[in-house]
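The block underneath contains the structure these notes are about, expressed in structure tokens.
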Amino acid sequence: MAQKVQFVETVLRDANQSLIATRLPYAKFEPMLETIDKAGFYAVECWGGATFDVCLRYLHEDPWERLRKIRAKVPNTKLQMLLRGQNVLGYSHYPDDFVRLFVQKAVENGIDVIRIFDALNDVNNLKVAMEATVNAGAIASGTISYTTSPVHTHKKYVEMVKELKEMGASTICIKDMAGIMGPKEAYDLVSAIKDAVDLPIDLHTHSTTGLAFMTYLKAVEAGVDIIDTAISPFSGGTSQPATETMAYALRQLGYQVDIDDNCTKKMADYFKGVRDEFLKDGTMMPKSMATDTQCLTYQVPGGMLSNLLSQLKQMNALDKFDEALIETPKVRKDMGYPPLVTPTSQMVGVQAVRNVLDGQRYKTVSKEIKAYCRGEYGRTPAPIDPEIQKLILGDEKPLTGRYADTLAPIVEPTREKLGDLAKSDEDVLSYIAFPNLAEKFFDERRAKEENMAVYTITEA
Ligand code: CO
């Protein structure tokens, strides 16, 4: 029997986030939801990541309502979200009661699969979200944030996968957020994990460096079960490889791919129009669809390079670019080799620039790096250089346990504080996640409702 390969379609979340800064409003993709539902995807990634923030901040949409509307039109395909472990959708750690209620409500509103990751791969930061996902009856996809360093060995990754299984993961995701995984690494890592656990494996990468198609192919040869792709008009560059291309190539090689080509054709025709609108108004930049191999050369993710450049430009110190580039991996090493993903990529990048501009290492240290050295972000992949940690913390002792254990519950106090302003648990959660944005959103919603009321009375 032919080996079956399943697809996660990312156009509504990662492709949307990577190519057009998550600016896709619900109304723009609504006409395609029924087609997406019929296309035969393992899951549609449609929520979490930056979608929540952008809905409130720019799209004037209630993210919860958006999810319910997608669910109503996509009744047969699993809906997937991305969750940053103890950070949920933000960049700092939340108390456990918030993580639990958020996961429960996400599932109640329609999510089937929660992909749970941590920037440092500290499983202590995944535990509560994993448990809540299993309790809510959804699929917990335990995730490895993929990176390369002397301490990120396959043995370490396999150990982590075993811990994830122990915590209730029913699938494993290897998340290569920078698109740096090559075909050989994919083959070897997928093989190693397949040998160790009998869970379905999903590989997630980006086309940024141009490796992705080859990487997926070798991962499939090693037995990967699920790959993440985006419908062609929203594929390539910083997004995922194209859905139709992967389906075509894999079928030609004799794999079983249960994707309906009529549906993907309809989707491609439709999303071409959407893409052209975003190209026209400048939201989508052609550059983001091109191949960029810089991060293979520098081992620094593409997004970080442009951040370094813009920081130096602001400080009138563009001539220090090469020095900052050399300093970046050194800071990463000092910090115990964190994967360079938000928020650690920004923290490491800013520190490298500081070290170079000050002409003295760690003379100036951001409050984020301080918190990191105190252990507030979790256990680092390798120990932080003890001398540098001492230099940064002075006499302060780093935390040994889980940072979230030091945080007081937040849900009940917030519910009381908000009173009538919050109409549901979902409102309370939105407020805790993004207080200013949520408050503004509640005001707008009330104004709209009052207008409607006035309108209805005049009508009558
Ligand atoms: Co991604």
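Here are the numbers:
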{"quantity": "Residues of the stretch 80-100 classified as part of a loop (DSSP other than H, G, I, E, B), in contact with a Phe, Trp or Tyr (Cβ under 9 Å, 6 or more places away or on another chain) and buried (at least 18 other Cβ atoms within 10 Å of the Cβ), total", "calculated": "5"}
{"quantity": "Qualifying positions in the stretch 201-236 - charged (D, E, K, R) and either within 23 Å of Ile116 (Cβ to Cβ) or within 16 Å of the ligand (Cβ to nearest atom) (or both)", "calculated": "Asp202, Asp225, Asp228"}
{"quantity": "Elements of type helices (runs of 4 or more DSSP H) in the stretch 371-455, at least 3 residues being under 27 Å from the mean Cα position of the chain (by Cα) and surrounded by 11 or more Cβ atoms within 10 Å (Cβ to Cβ)", "calculated": "425-433"}
{"quantity": "Some residue of the stretch 29-42 being of a type in the set (D, E, K, R), buried (at least 24 other Cβ atoms within 10 Å of the Cβ) and either farther than 18 Å from Val274 by Cα or within 16 Å of the ligand (Cβ to nearest atom) (or both)", "calculated": "no"}
{"quantity": "Subset of the stretch 173-200 (residues that are away from the ligand (no atom under 16 Å from the Cβ) and aliphatic (A, V, I, L, M))", "calculated": "Leu189, Val190, Ala192, Ile193, Ala196, Val197, Leu199"}
{"quantity": "The stretch 158-172 residues that are within 13 Å of Ile139 (Cβ to Cβ), paired with ones that are part of a strand (DSSP E or B) and of a type in the set (Phe, Trp, Tyr) (beta carbon under 8 Å, 6 or more apart)", "calculated": "none"}
{"quantity": "Residues being in contact with an Asp or Glu (Cβ under 8 Å, 6 or more places away or on another chain) and not in a loop (DSSP other than H, G, I, E, B) - total across the stretch 101-114", "calculated": "2"}
{"quantity": "Unmet requirement for Thr364, which otherwise passes all of (1) outside any helix (DSSP H, G or I); (2) at pLDDT below 90; (3) in contact with a helix residue (DSSP H, G or I) (Cβ under 8 Å, 6 or more places away or on another chain)", "calculated": "(2)"}
{"quantity": "Per-region count, the stretch 284-323, residues within 26 Å of Gly210 (Cα to Cα), of a type outside the set (A, V, I, L, M) and assigned to a helix (DSSP H, G or I)", "calculated": "14"}
{"quantity": "Count - residues of the stretch 237-275 that are without any contact (Cβ under 8 Å) to a residue 40 or more places away in the chain and within 16 Å of the ligand (Cβ to nearest atom)", "calculated": "2"}
{"quantity": "Inter-residue pairs, beta-carbon under 6 Å, first in contact (Cβ under 8 Å) with a residue 12 or more places away in the chain and in the stretch 402-423, second surrounded by 11 or more Cβ atoms within 10 Å (Cβ to Cβ) and β-branched (Val, Ile, Thr), 6+ apart", "calculated": "Ile410/Ile432; Thr414/Val428; Thr414/Ile432; Arg415/Val428; Ala422/Val428"}
{"quantity": "In the stretch 140-172, the residues that are within 16 Å of the ligand (Cβ to nearest atom) and more than 21 Å from Ala222 (Cα to Cα)", "calculated": "none"}
{"quantity": "Near pairs, Cβ below 9 angstrom, 6+ apart or cross-chain, from the stretch 324-345 (in a loop (DSSP other than H, G, I, E, B)) to any residue that is acidic (Asp, Glu)", "calculated": "Met335/Asp385; Gly336/Asp385; Pro343/Glu368"}
{"quantity": "Out of Lys272, Lys265, Lys313, sole residue that is surrounded by fewer than 17 Cβ atoms within 10 Å (Cβ to Cβ), basic (Lys, Arg) and within 30 Å of Gln351 (Cβ to Cβ)", "calculated": "Lys313"}
{"quantity": "Number of the condition not met by Ile172 [criteria: (1) under 16 Å from Leu189 (Cβ atoms); (2) surrounded by fewer than 24 Cβ atoms within 10 Å (Cβ to Cβ); (3) not hydroxyl-bearing (Ser, Thr, Tyr)]", "calculated": "(2)"}
{"quantity": "So Gly137, is it more than 17 Å from Asp112 (Cα to Cα), away from the ligand (no atom under 16 Å from the Cβ) and either without any contact (Cβ under 8 Å) to a residue 40 or more places away in the chain or under 15 Å from the mean Cα position of the chain (by Cα) (or both)", "calculated": "no"}
{"quantity": "Test: residue in the stretch 125-134 that is in contact with a His (Cβ under 7 Å, 6 or more places away or on another chain) and under 27 Å from Gly303 (Cβ atoms)", "calculated": "no"}
{"quantity": "Residue that is farthest from the ligand (Cβ to nearest atom) [pool: residues in the stretch 1-23 that are surrounded by 24 or more Cβ atoms within 10 Å (Cβ to Cβ) and β-branched (Val, Ile, Thr)]", "calculated": "Val5"}
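The values are calculated or read from the model by the stated rules, or taken from the named source; none is laboratory data. These numbers come from a predicted model, not from an experiment. As a convention, Cβ positions derive from the backbone with ideal geometry for all residues, glycine included, and neighbour counts pool all protein chains shown.
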